[in-house]
Amino acid sequence: MADEKNNENEGELELDGSGKKKKLIIIIAVVVLLAAGGGGYFFFFMGGSDEAVTQTEGSAQGSSEGESASEGKGAEIGSALYVSMPRAFTFHVPGAARDRLVEIKVQLLVRGADNEDIAKMHIPLIENTLTRVFAQANADELATTVGKASLKKQALIAVQNEMKDIEDNETIEQVLFTGFVMQ
């Protein structure tokens, strides 16, 4: 009977020993995950704040030099917000060898919540303007990086001109291609 109790106690001791090892492993894993999470938070949120401070200081210096610097951008200084166009633009473009099908996904960079609301309100006008600009494209030009950059610039100028006519403010700071497929 004493032997049975000793055997049972030994079994319990073995379980307690392995349980302690499991607890230790779990604690180490949690500490490592928390450290990685803290490092990720610091990298993504604290590391980007230096850029934001530098950009804000640069913007403040540019606006203190004169109003013409801020008029060139056309968007008020504020936080960068992105307005997604609800649908991708799909269209045919002529090329020297053959016509191609192009699909472009677009987002608009605006500054401040007011400009975001204005851009969202005028999405049908912006879509129409972008469709008109994209229809004038050439497949041979769109095959190059320079051609894509040129199309972005043309789209930005056209959208800003339309927004000036409607809202007396360019509203849109950049036209961004988030997806570009040419077949």
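Some points to look at:
- Enumeration of residues in region 158-183 that are over 23 Å from Arg98 (Cβ atoms), hydrophobic (A, V, I, L, M, F, W, C) and surrounded by 14 or more Cβ atoms within 10 Å (Cβ to Cβ): Ala158, Val159, Met163, Ile172, Val175, Leu176
- Some residue of region 140-148 being more than 29 Å from Gly95 (Cβ to Cβ), out of contact with any Gly (no Cβ under 6 Å at 6 or more places or on another chain) and either of a type in the set (Ser, Thr, Tyr) or at pLDDT 90 or above (or both): no
- Region 149-183 - residue that is modelled with pLDDT of 90 or more and of a type in the set (Asp, Glu) and, of those, farthest from Thr90 (Cα to Cα): Asp165
- Within region 131-142, considering residues that are in contact (Cβ under 8 Å) with a residue 40 or more places away in the chain and surrounded by fewer than 17 Cβ atoms within 10 Å (Cβ to Cβ), the one farthest from Ile104 (Cα to Cα): Asp140
- Residues (touching a strand residue (DSSP E or B) at 6+ places or on another chain (Cβ under 6 Å), over 18 Å from Ala155 (Cβ atoms) and in a loop (DSSP other than H, G, I, E, B)) located in region 83-134: Asp99
- The residue of region 82-131 that is farthest from the chain's Cα centre (by Cα), among those that are β-branched (Val, Ile, Thr) and within 18 Å of Asp168 (Cα to Cα), is Thr129.
- Residue in region 100-127 that is surrounded by the most Cβ atoms within 10 Å (Cβ to Cβ), counting only those that are of a type outside the set (A, V, I, L, M, F, W, C) and over 20 Å from Lys164 (Cβ atoms): Arg100
- Of the residues making up region 153-183, just one is part of a loop (DSSP other than H, G, I, E, B) and without any contact (Cβ under 8 Å) to a residue 24 or more places away in the chain, namely Asp168.
- Checklist (1) over 19 Å from Gly95 (Cα atoms); (2) in a loop (DSSP other than H, G, I, E, B) applied to Ala137, failing item: (1)
The values are calculated or read from the model by the stated rules, or taken from the named source; none is laboratory data. Keep in mind the model is a prediction, meaning the values are calculated, not measured. Positions of Cβ are backbone-derived with ideal geometry, glycine not excepted, and every protein chain shown enters the neighbour counts.
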